[in-house]
Amino acid sequence: MQPHENKAELQIRIARAVELRRQAIVVALARKLYRSLKEQALQLRSDSRGDGWIRIESLSQLRTTVGGRFQNLKQRWVAAGLPLREHRGDRSVKAELDREGWIELVGWMERQGWEASLATDEEDWLFSVRSLADR
């Protein structure tokens, strides 16, 4: 057999094996997704300070919680002097807040239906948000 024939035969065998095990593969992927979503929900609950306050450590976490267009939110985040993470999982460094930028960001969050509270120097997160509907 030619090398390209071996490759074609191998592709056919793989396709057949995947087809035969499709249900098992789908079930395994569904279980993985379920566990991942469950872990995220538990993490969100553990990140909560109580009384509806949610700890915010990163721009992506704020966007997930509050919503909004990424570019607009990023501009407000940077203008407030909040740090951007280079890679997922990087620890947040304490922000050197720009007062006017922070006020603008808080005002925007209030228009979205959220209030914000800065973290103290002893806390590991940057600030917390709470839905105005939860008050």
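Summary table
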item: Of all residues making up the stretch 116-132, the number that are more than 15 Å from ALA80 (Cβ to Cβ) and part of a strand (DSSP E or B); result: 2
item: Members of the stretch 99-135 found to be touching a helix residue (DSSP H, G or I) at 6+ places or on another chain (Cβ under 7 Å) and either at pLDDT below 90 or on the phi > 0 side of the Ramachandran plot (or both), listed by number; result: GLY113
item: Some residue of the stretch 46-59 being in a strand (DSSP E or B), modelled with pLDDT under 85 and over 17 Å from the mean Cα position of the chain (by Cα); result: yes
item: Pairs, first without any contact (Cβ under 8 Å) to a residue 24 or more places away in the chain in the stretch 106-135, second charged (D, E, K, R) and in a loop (DSSP other than H, G, I, E, B), C-beta under 9 Å, six or more apart; result: GLU115/ARG135
item: Residue pairs meeting the criteria (Cβ under 7 Å; at least 6 apart or on separate chains; first in contact (Cβ under 8 Å) with a residue 12 or more places away in the chain, in the stretch 20-40; second hydrophobic (A, V, I, L, M, F, W, C)); result: none
item: Residue, farthest from LEU73 (Cα to Cα), within the stretch 113-129, restricted to residues that are surrounded by fewer than 15 Cβ atoms within 10 Å (Cβ to Cβ) and polar (S, T, N, Q); result: THR120
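The values are calculated or read from the model by the stated rules, or taken from the named source; none is laboratory data. This one's a predicted model, so the numbers in the text were calculated from it and none came from an experiment. All Cβ positions, even for glycine, are placed from backbone atoms using ideal geometry, and neighbour counts span all protein chains on display.
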